[in-house]
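Novice: Got a structure for you, written out below as structure tokens; questions coming shortly.
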Amino acid sequence: MVAILIFVVVFLGALVALVVVTFLFAPRRPSEIKERRFESGGPPYGPVQRRLLMQYFGYIYLVTVVEAAVGLALVAVLTAQPSAPMLYLAIALLLAAVLIVVLRYFKVLNDIRRWS
Amino acid sequence: MDLPFSGDLIAALVFPGVLGIFGFLVVAIWLERKLVARVQWRYGPLYVSKPLGGLLQPVADLLKLVFSELVLPRHTNRLFFAAAPILLFFAEGLPVVFIAAAPGVVMAPHPYGLAIAVVLVLLVAVLVVAMAWTEADKFTYVGAVREILLTAAYEVPLLLAALAMFILYGTADPYGVVEAQSNLWGAVLNPLAFVAYLVALLMATTRFPFEIPEAEPEVVLGPYTEYGSTLFIYAFGANYVKLYVLALLGSVLFLGGWLPAGGLAGVFITLVKMLVFVLPAMLVRAIYPRYRIDQALRIGWGKLLALSVAAVALSLVWRLLR
Amino acid sequence: MKTLVSQAVARLARWGTKWSLWPPHLVTACCGVEIGHIFGSVYDAERFGMLPMGSLRQSNIIIIEGTITLKMAKFVKYVYEQMPEPKYVIAMGACAIKGGVFYGSYHMVPASKVVPVHAYVSGCPPTPEAVLKAVSKVQEQIGHAEN
Amino acid sequence: MIIHLKLFATAVKQLLQQPLTVRWPEERRDYGDRVRGFIVNDRSKCISCQLCEAVCPAKAIKFHLEADGRRYPGIDWGRCILCGYCVDACPTGSLQHVNNTEIVWTDLDVYKKPSEMDPDDAAPLPGTKSLI
């Protein structure tokens, strides 16, 4: 426990100390242009937020579902009794189901037109 | 154990801890630039310290960045702008708390240590997106979206590769995992999981074929565009810290950790085994072009997912045979 | 004591800056082809610690490649203004020094009238070796700077 | 799978080969002996015919009255594009390129008067010639 505290304090302390060094010793000549948004060497133009193309966002829905399933499997494996063949069978079936779903809808997920 | 002084202090300050992280930052950047240069028939950084082959180049870069002006843009929340990369760098380094580098050299021995480390690695992508959001820049915005999508591509295979190994060993305790590999390495028992882990590592650290969020020709530096000075070291170096953590995790999970030695010699063996993950990750920069984001997603949810599911199936078979 | 510390810090900073000059991608004219050559395999400027950088927040040297028109001068000025503080400029090619073949044209600006320049390279375009020599001249200037 | 292994094998092969970089301060590229470099004027041969001034496309050459009562060409290196027309036009061969292409200045004073264009001033560059 002490080791974790030492690690956190030394690590964060080193990171903050470097920023403080920059703050103390680096030359400073603030100007209005310098503090503008970086736009590849031109003046800022237009709003930052744009409308996103939703073409790939099916994957994000997918990842939230599948990751939860895999997480459950992880917890089950780590907390199960040493010999529980039924558990492993359940995991195998779960993964097979995931694989089948992904393969079945893979074409849809890749089809840009259906998501935009 | 038979260490001269307490192992967890060594873990906190020297090897998987602070000194290891910063040392890896310097050595990995030098190694990457040098290896890529040699593959391209160049010398790479050289004249800064000729007898050392330019090893001081990252040090010079860091010094220059530390002593250059710190610009906090006006349109951002300045406190968050300064805090985000520090938090990111710190969070990327946090999983080493739970990974053992040698018997006794671990900060927090925990029965589910490696599982916690994997989950911590996966949680960090949120901070990259938060950082990009704080910067409020067109390029960081696109970079953040790409980071989210790339995360969606690698998270499940990485988790599945870890799951395969946990099923194989029946534990997530670093000591238990290494002990289970005393006869055969995990990479030999389950090569599919090893390959899936390697590819997921390249994706997670945005190494070259998947260097999509910070694609230089398209979005200037992706989520790291607005940062200069010291904050740039943290924002950009966080990837190298992630590589360090994943290489350490991989050497424990797949290559038998500190075996066949113990004590301080085990630390060096772990270091050497980390090279198995680090060297290809450095070398791919000179080999591959960059995938498009849809290609990366297709790989993640196609071949890589199939590979990692097959790895889990292989582990199940091993487990039931035993 | 305080001056000793600040002197040591300044020396460290100068050493770091000297060996880590990162130019942004700012190509104004045809000398940009030679810039590609400088960073290529044959004249590997990375030996001197140069690394082409995407964003201006990290870069600290501009290599002005050739002609600056009035229209481009605004952006060169803007890029220079946006870079963080220790910053250096190399004017490359006859056009950037005084105008070259465009001398006296209504729409061209010498680089020195837009930004403070630390080294000039003659030629149309200069050889990569000449630019590397300019880089080492700039490095000498940084190393011998007094503060 | 095989293709990726082949790519890695190629990378490792190239990793072990010798770099082809021209190590610049120590060695220089062999541009041949007729490279269009720095231009010098041999004043013993110059006949002040002003052909070089007439032919210069960048109008970089100007003639100056020197102490010996004759006019000699001076070159503005902020305008010269090293095309070599003046050298071709010179009827006596007094204007000559030397092998030095590394023409670098640290200030804007780049106009070279005739007295600063002696052939003896342009010292040969140190270093060996590279392979390529």
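Novice: Accessible area per residue, 1.4 Å probe, Å², for chain D: what's the number?
Specialist: 57 Å²
Novice: For chain B, what is the calculated [θ] at 222 nm in deg cm²/dmol (nearest 500), taking -39500 (n - 2.57) for each run of four or more DSSP H residues and dividing by its residue count?
Specialist: -20500 deg cm²/dmol
Novice: What does DSSP give for the protein assembly as shown in terms of the percent of beta bridges that are antiparallel, rounded to the nearest 5?
Specialist: Close to 60 percent.
Novice: Also: Along region B:162-171, what does the Karplus equation 6.51 cos²θ - 1.76 cosθ + 1.60 (θ = phi - 60°) give for ³J(HN,Hα), rounded to whole Hz, x for Gly and Pro?
Specialist: Those phi angles translate into 5, 4, 4, 5, 5, 5, 4, 8, x, 7 Hz.
Novice: Just how many pairs of Lys in chain D have C-alpha atoms closer than 27 Å, counting pairs that are eight or more places apart or on different chains?
Specialist: Summing the qualifying lysine pairs gives 9.
Novice: What nm distance separates the two modelled labels at B:ARG290 and A:PHE106, each placed 7 Å from Cα along Cα→Cβ?
Specialist: 2.6 nm
Novice: Pick out, in residue order, every one of the trypsin sites (Lys or Arg not before Pro) in region A:8-111 that is DSSP loop and has at most 16 other C-beta atoms within 10 Å; say none if there are none.
Specialist: A:ARG28, A:ARG50, A:ARG51
Novice: Ignoring ligands, DNA and RNA, what percent of the accessible area of region D:33-124 is carbon or sulfur (1.4 Å)?
Specialist: Of all accessible area on region D:33-124, carbon and sulfur atoms account for 47 percent.
Novice: While we're on this one: So what is the diffusion coefficient of chain B in µm² per second by Stokes-Einstein at 25 °C and 0.890 mPa s, using a Kirkwood Rh over Cα pairs?
Specialist: Answer from the Stokes-Einstein relation: 121 µm²/s.
Novice: B:LEU55 versus A:PHE57, label points 7 Å from Cα toward the beta carbon: distance in nm?
Specialist: Placing both labels 7 Å along Cα→Cβ, they lie 5.1 nm apart.
Novice: Helix-derived [θ] at 222 nm for chain A: sum -39500 (n - 2.57) over DSSP H runs of at least 4, divide by residue count, nearest 500?
Specialist: Mean residue ellipticity at 222 nm (helix-derived): -22500 deg cm²/dmol.
Novice: Which whole number in µm²/s is D for chain C by Stokes-Einstein, with the Kirkwood Rh taken over Cα pairs at 4 °C and 1.567 mPa s?
Specialist: 83 µm²/s
Novice: How many times 2.2 N^0.38 Å is the alpha carbon radius of gyration of the protein assembly as shown?
Specialist: This ratio for the protein assembly as shown stands at 1.11.
Novice: Where a Cα-Cα gap under 17 Å defines reach, which lysines qualify for C:LYS113, not counting those fewer than 8 residues away within the same chain?
Specialist: Partners within reach: C:LYS71, C:LYS74, C:LYS77, C:LYS87, C:LYS98.
Novice: Check which residues have an amide H placed less than 5 Å from C:GLU85's amide H, if you skip close sequence neighbours.
Specialist: HN-HN under 5 Å from C:GLU85: B:GLU69.
Novice: Tabulate in residue order the Karplus-calculated ³J(HN,Hα) for region B:188-199, using 6.51 cos²θ - 1.76 cosθ + 1.60 with θ = phi - 60°, rounded to whole Hz; enter x for Gly and Pro.
Specialist: 7, 5, 9, x, 5, 5, 4, 5, 4, 5, 4, 5
The values are calculated or read from the model by the stated rules, or taken from the named source; none is laboratory data. Quantities reported herein were computed from a predicted structural model and do not represent experimental measurements. Note that each Cβ is placed from the backbone with ideal geometry, even for glycine, and that neighbours are counted across all protein chains shown. Just so you know, the surface numbers come from the protein's heavy atoms only, side chains and all, with ligands and any DNA or RNA stripped out. Shrake-Rupley method; radii C 1.70, N 1.55, O 1.52, S 1.80 Å.
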